[in-house]
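Engineer: Below you'll find the structure I mean.
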Amino acid sequence: MRYRPLAMWALYPFGAHLEGSLALHAARPPELDAQDAELAFFSVDVVTGAAEWLGPALPEHDYLRTAEDRGISTLTWVILAARDR
């Protein structure tokens, strides 16, 4: 599977470790209908720079969120991406 990035955010303070898991929420891109596009969140490993799949970006009202059991434990770069068809 290949994904193309739509947006990227840097969470501050970069590299800080959290005691628990932080759920992610993002505004739904207006040019994409989340029902038609397969969207996913990725985090960037602060050591290797590799993108790590966090799971699907679930539509909820006017925003997207991670699944309840998926989030991040280190503040890093976060990517919202769409799966290529």
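The values are calculated or read from the model by the stated rules, or taken from the named source; none is laboratory data. In this text, all values refer to a predicted model and were calculated from it rather than measured experimentally. We place every Cβ from the backbone using ideal geometry, glycine too, and count neighbours over all the protein chains shown. Only protein heavy atoms, including side chains, enter the accessible area calculation; ligands, DNA and RNA are left aside. Shrake-Rupley method; radii C 1.70, N 1.55, O 1.52, S 1.80 Å.
Engineer: With springs only between Cα atoms under 10 Å apart, run a GNM on the chain and tell me which of A27, A57, A40 wobbles the most.
Structural biologist: A27
Engineer: What accessible area per residue, rounded to a whole number of Å², is obtained for the chain using a probe radius of 1.4 Å?
Structural biologist: 66 Å²
Engineer: At what distance in nm do the modelled label points of W9 and R83 sit from each other, each positioned 7 Å from its Cα along Cα→Cβ?
Structural biologist: My value for the distance between the label points is 2.3 nm.
Engineer: Moving on. Using a probe of 1.4 angstrom, how much of the accessible area of segment 1-80 is carbon and sulfur, in percent?
Structural biologist: 54 percent
Engineer: Further, regarding this structure: Tell me the accessible surface of H17 in square angstrom (1.4 angstrom probe, heavy atoms of protein chains only), to the nearest ten.
Structural biologist: For H17, solvent-accessible area is about 140 Å².
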